[in-house]
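Read the structure below first, then the notes.
The values are calculated or read from the model by the stated rules, or taken from the named source; none is laboratory data. In this text the structure is predicted, and so the values were computed from the model without any measurement. Cβ atoms come from the backbone with ideal geometry, glycine included; neighbour counts cover every protein chain shown.
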Amino acid sequence: MRRPVIAGNWKMFKTRPETGAFFDALIPEILDVEHCDIVVAPPFISLAAAVEETDGTRVAISAQDVYWEPEGAFTGEISVRMLVDVGCTYSIIGHSERRQYFGETDESVARKANAAVKGGLNAIVCIGETLTERDGGQAFEVVRRQIRNGLGQLTGSDLSHIIVAYEPIWAIGTGRTATPEIAAAMHAEIRKTFAEIYNASAADALRILYGGSVKPDNISALMKKEDIDGALVGGASLDPASFAAIIKYL
Ligand code: PEP
């Protein structure tokens, strides 16, 4: 019932010519793919090139971050209206690297998610616990808090423009993927938390992606789990062949 999503996060990789070369290689590989939505998130400077390269295809383009104010004296920031103008239809919000290195908090995530949805973007909102929190038995509690403080202020209808990405920080860029069982248990907990805040049907419709060292050889096992609706892929999304293989996980 929920349409799967495979999303690639390029982080701080790829210039405009590299962006062109990536899509030249990827698009022919995925022409026949109909079973999932495909999203790619290049750095800001390559968004326009990516939108142009994917025009007329089923690939949607996402920013990796967005600011909540519509415009103003906010040096270095990019607004929702600017992203919509360039042709983006998504933004990632609250990626753990932004939380760890750039002071992103649940409160800033809440403001960004609200601004994104109100301004016409879909938001891929990232949540997930550190290794210390998991080892300390606090993973569920941390993720529940991130949902309540970061997303719990949206209205039920806003939720249809939200995709949640569960990304345990200990699995990002480490090669250490959560087992499908660990990921599935957390996804079920996330869905339960949304059902408590909103209602069962909004929670049922919510797409929840797993992220953390997803590769062509582990995507199928993850996708077999009922509550896992897709993947947010970092490293393996940089190579068109491996990203195409992940998209074709069936
Ligand atoms: C990410 O950047 O969101 C991510 C999950 O990275 P990786 O796939 O490289 O672990």
Just checking, which of Thr75, Thr19, Thr57 is crowded, with 18+ Cβ neighbours inside 10 Å, among the hydroxyl-bearing types (Ser, Thr, Tyr), without any contact (Cβ under 8 Å) to a residue 40 or more places away in the chain and over 20 Å from His161 (Cα atoms)? Thr19
Residues of region 219-241 being buried (at least 18 other Cβ atoms within 10 Å of the Cβ) and either modelled with pLDDT under 95 or acidic (Asp, Glu) (or both), which ones? Asp227, Asp229
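So that you can scan it fast, the table gives a plain yes or no per residue for (1) touching a strand residue (DSSP E or B) at 6+ places or on another chain (Cβ under 8 Å); (2) under 20 Å from Val5 (Cβ atoms); (3) modelled with pLDDT of 95 or more:
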{"site": "Asp24", "(1), (2), (3)": "no, no, yes"}
{"site": "Ile38", "(1), (2), (3)": "yes, yes, yes"}
{"site": "Ala48", "(1), (2), (3)": "no, no, yes"}
{"site": "Ile61", "(1), (2), (3)": "yes, yes, yes"}
{"site": "Pro70", "(1), (2), (3)": "yes, no, yes"}
{"site": "Ser79", "(1), (2), (3)": "yes, no, yes"}
Based on what the data block shows, is Thr132 more than 13 Å from the ligand (Cβ to nearest atom), polar (S, T, N, Q) and in a helix (DSSP H, G or I)? yes
Restricting to region 146-157, and then to whatever is touching a strand residue (DSSP E or B) at 6+ places or on another chain (Cβ under 9 Å) and not β-branched (Val, Ile, Thr), can you tell me which residue is nearest to Ala183 (Cα to Cα)? Gln146
Just checking: which of the helices (runs of 4 or more DSSP H) contained wholly in region 140-250 hold 3 or more residues that are away from the ligand (no atom under 16 Å from the Cβ) and charged (D, E, K, R)? 180-197
Only one of these conditions is not met by Thr75: (1) hydroxyl-bearing (Ser, Thr, Tyr); (2) within 16 Å of the ligand (Cβ to nearest atom); (3) more than 18 Å from the chain's Cα centre (by Cα). Which number is it? (2)
Please verify whether Asn199 is farther than 25 Å from Ile247 by Cα, among the polar types (S, T, N, Q), surrounded by fewer than 20 Cβ atoms within 10 Å (Cβ to Cβ) and over 19 Å from the mean Cα position of the chain (by Cα), treating the condition exactly as stated. yes
Please pick out the residue among Ala165, Ala171 that is among the small types (Gly, Ala, Ser), modelled with pLDDT under 95 and under 17 Å from the mean Cα position of the chain (by Cα). Ala171
